[in-house]
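The values are calculated or read from the model by the stated rules, or taken from the named source; none is laboratory data. Being a predicted model, the structure only gives us computed values, none of them experimental. Ideal geometry is used to build each Cβ from the backbone, glycine not excepted, and the neighbour counts take in all protein chains shown. Please note that ligands, DNA and RNA were not included when accessible areas were found on the heavy atoms of the full protein model with its side chains. Shrake-Rupley method; radii C 1.70, N 1.55, O 1.52, S 1.80 Å.
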There are 2 protein chains.
Amino acid sequence: MAGVSRSTVSYALSGKRSISPETRRRVDDAIRELKFTPNAGARSLRTAQTGVLGLLVQFHEDEFAPAMLQYILPITETARTLGYDILMMTENDGAEALTRAAESGMVDGLILLDVIDGDPRVDALRATHQPGVLVGLPGDTRGLDVVDLDFVAAARNLVDHLVELGHRDVVLVSPPRHVFDRGGTYSWRFRDAAVQRASEIGLKLTARYGESQQPAIDANLHEILDESPDATGLIMHNDASVAALPRLLHERGVRVPDDLSVVSLYSRDFARWFSLPYTAIESSPGLLGKVAITQLTQRIAHGDDAGPHGTRLVAAEIVDRGSTR
Amino acid sequence: MAGVSRSTVSYALSGKRSISPETRRRVDDAIRELKFTPNAGARSLRTAQTGVLGLLVQFHEDEFAPAMLQYILPITETARTLGYDILMMTENDGAEALTRAAESGMVDGLILLDVIDGDPRVDALRATHQPGVLVGLPGDTRGLDVVDLDFVAAARNLVDHLVELGHRDVVLVSPPRHVFDRGGTYSWRFRDAAVQRASEIGLKLTARYGESQQPAIDANLHEILDESPDATGLIMHNDASVAALPRLLHERGVRVPDDLSVVSLYSRDFARWFSLPYTAIESSPGLLGKVAITQLTQRIAHGDDAGPHGTRLVAAEIVDRGSTR
DNA sequence: TGTCGTCGTCGAATCGATTCGACGGACAGT
DNA sequence: ACTGTCCGTCGAATCGATTCGACGACGACA
């Protein structure tokens, strides 16, 4: 229709060779007239690039799903601004899904969400030789790009915050025990840092396991609060439990911060969804997603030249919502 | 490696022509040995099928995101069991995203989530001539496959439930006014059915608009409760508001069901995430997703032969959680 | 006037699968 | 022994883009 060869059209589209203004105009007109859109399959066959990133979301049985959502949305948005679409895979067998997507060439790269130590998806990723980035820190990170929150700094900040206000006896509610056992490194990275910091500065800190499913959550929290009647501070590191806390404290007649100072770790969105009024470390899922995708796309574009593989720990800032005294 | 032609391998894989056991064995061995996986791009180029469904998630500014998640998960799972992967698109300009995915042949079909009346994505879908299914009912459904909850039956059930218990004065909290204005048909389908049913059987029903963002939610609920002091029943049709309700009622010292009977409309998952103790119509996002995907894949496979286009309203069942008396 | 570079365009090869028609061999029926 | 089927396999065409080498036209320069 434009009276030129297909190669000329391709060059007009990609700009990889110069094109006379006249020809470019005719090509553009024809494209508009014919409503032409390049076929993704053909393009990916030829270029071995798809413009799609695989997002592997792992819903461990007892995962608190809304917490995952905070990551998914910013990731898809950031990816889009960089020209990528997101193929979301939520299968139980994440390793198999990853392999399938990678080997068949459906994706240019992979994002692994909520990675734990010993995560089978990590082995699968290593085996595919596809660019990938982990959100969540496993034990062995050799040759991997990893992004995670700096849970150690977060825990220290919260402990310091309470100590500065004069608290001498606080309770920490961690994720459930099986999250520790399963390899959720954020659980012990946070707890151990909190415990250590507390002992450094002479704070009595009682670390307890939380629960992640109702009705166990309520029973567990009641028990924890009953058993530490003298504690004046509460550090919540457990999404499902902190979501239930406001109602539970009301039931117990505990006023925050008058009777109890509460601090936690969650995102602004999470706080909004669950009307959480607590001073908290901002877990910055948006920033994490952005860093992860940026890193991944650079790895896709430049391979090993994009710099050394490594772990990026995102700094944690505290948002004061007035729940401490 | 198997000593056969490529076409034979293809037939061995697809089973579209018979293959001798001997040859099949050699092909399988070679495939395993070489770790061969068909290339998705090449396959989709040749067959014009991708094995991918586009999922268009629309986050209206004030959408309550966790509510959306209930739909996304079952959809990806159902799709997978039927052999499809999910390309998730969350862009603001959903119509553009839809067109891009469809025209470039990235997907075999489209799922539109949270469709409203006058939704620009519906026009875009019509323009592409791609199979698609809507979750959420627009005004004009000609030629479309639509799946939605039967909000009319749901509203009637809840009204009847309260009336049978002897309530004579109840309040309905609907979605925010701008959801009505914007074309969220579920909002008025539910409200109008409730109002009509109430008038049929002589129940005083005060319909109010809710809010969807804190802190407006709390102020709004307090106001609504203050202005209907004699109401003995509360019907909540508003995800964000009902999520805040348990805490708010505690603050007001209102006991459920002793002082107030509360019914609502949400899913089991939603109830779990937000510890909601109210008797409610089960909104069945899992079933809706399943029906939608099943319908879509049949449309993909059989086109217009898959039966007439139409709207499937999924029946709503009540789950008694003991919040009424 | 002849040579060389640059610019814009074209033709052909290529990516990796699927599928159609053809074809040779085995076997049954007469 | 001949014909006709059926079965298993192959070769070649095809899907729709990208890209490399080639080539003609044109201007610059000697």
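Some values worked out for this structure:
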{"quantity": "Fraction of antiparallel bridges per DSSP, the protein assembly as shown only, in percent to nearest 5", "calculated": "10"}
{"quantity": "Sites matching chymotrypsin sites (Phe, Trp or Tyr not before Pro) across the stretch B:31-110 that sit in DSSP coil, with at most 14 neighbouring C-beta atoms within 10 Å", "calculated": "B:Phe36"}
{"quantity": "Global geometry of chain A, whether rounded, prolate or oblate, following the gyration tensor of its Cα atoms and the 1.5 cut on a/c", "calculated": "prolate"}
{"quantity": "Distance cut-off 33 Å, percentage of C-alpha pairs in the protein assembly as shown lying past it", "calculated": "54"}
{"quantity": "Fraction of accessible area attributable to carbon and sulfur, the stretch A:119-259 (%, probe 1.4 Å)", "calculated": "48"}
{"quantity": "Selected from A:Ser212, A:Ser275, A:Ser104 as most flexible by GNM, with chain A as the system and alpha-carbon contacts under 10 Å", "calculated": "A:Ser104"}
{"quantity": "Interatomic Cα distance distribution for the stretch A:3-83, bins of 5 angstrom, percent", "calculated": "3, 11, 15, 15, 13, 11, 9, 7, 6, 5, 3, 1, 0"}
{"quantity": "Solvent exposure, largest accessible area first (probe 1.4 Å, DNA, RNA and ligands not counted), of A:Arg17, B:Arg26", "calculated": "A:Arg17, B:Arg26"}
{"quantity": "Linear extension gain, B:Glu96 paired with B:Arg46, 0.36 nm per residue minus alpha-carbon span", "calculated": "15.4 nm"}
{"quantity": "Chain A: most fluctuating residue of A:Gly143, A:Gly15, A:Gly132 per GNM, C-alpha cutoff 10 Å", "calculated": "A:Gly15"}
{"quantity": "Taking N as its residue count, the alpha carbon Rg of the stretch A:55-150 over 2.2 N^0.38 Å", "calculated": "1.01"}
{"quantity": "GNM top mover of B:Val254, B:Val242, B:Val263 - chain B, alpha-carbon springs below 10 Å", "calculated": "B:Val254"}
{"quantity": "Considering only the stretch B:180-325, percent of DSSP beta bridges that pair antiparallel, nearest 5", "calculated": "25"}
{"quantity": "Degrees between helix B:21-34 axis and first principal axis of chain B (Cα, 0 to 90, nearest 10)", "calculated": "70"}
{"quantity": "Label geometry 7 Å along the beta-carbon vector: B:Thr141 inter-copy distances in nm", "calculated": "5.1"}
{"quantity": "7 Å along Cα→Cβ, label-point gaps from B:His302 to other copies, nm, shortest first", "calculated": "5.4"}
{"quantity": "Separation of the B:Ala127 and B:Arg25 label points, Cα + 7 Å toward Cβ, nm", "calculated": "5.8"}
{"quantity": "Buried on assembly, the stretch B:232-248 (at least 10 Å² less accessible surface than by itself, 1.4 Å probe)", "calculated": "B:Pro246, B:Arg247"}
{"quantity": "Spin-label pair A:Met1/A:Leu82, simplified geometry with 7 Å Cα→Cβ offset, distance in nm", "calculated": "3.5"}
{"quantity": "Heavy-atom surface of the protein assembly as shown, accessible at 1.4 Å and reported per residue (Å²)", "calculated": "44"}
{"quantity": "Alpha carbon centroid spacing (whole Å) that separates the stretch A:104-124 from the stretch A:296-311", "calculated": "16"}
{"quantity": "Stokes-Einstein D for the stretch B:151-283, Kirkwood Rh over Cα pairs, 4 °C, 1.567 mPa s (µm²/s)", "calculated": "89"}
{"quantity": "Interface size B-A, as summed buried accessible area [1.4 Å probe, Å², nearest 100]", "calculated": "3700"}
{"quantity": "Test item: A:80-91 mean partner chain Cβ contacts at 10 Å", "calculated": "5"}
{"quantity": "Separation of alpha-carbon centers, the stretch A:169-188 and the stretch A:38-86, rounded to whole Å", "calculated": "29"}
{"quantity": "Sites B:Arg268 and A:Arg255 - FRET efficiency at Förster radius 45 Å, r taken between beta-carbons, to 0.05", "calculated": "0.90"}
{"quantity": "Rounded, prolate or oblate (a/c below 1.5 giving rounded, otherwise prolate when a/b exceeds b/c) for the stretch B:75-114 by Cα gyration tensor", "calculated": "oblate"}
{"quantity": "Cα-projected label distance for B:Thr311 with B:Glu63, points at 7 Å along beta-carbon direction, nm", "calculated": "2.1"}
{"quantity": "Per-copy distances of the A:Ser104 label point, shortest first, in nm (7 angstrom along Cα→Cβ)", "calculated": "1.9"}
{"quantity": "Loop trypsin sites (Lys or Arg not before Pro), the stretch A:112-176 (other Cβ atoms within 10 Å of the site Cβ: 15 or fewer; DSSP)", "calculated": "A:Arg142, A:Arg168"}
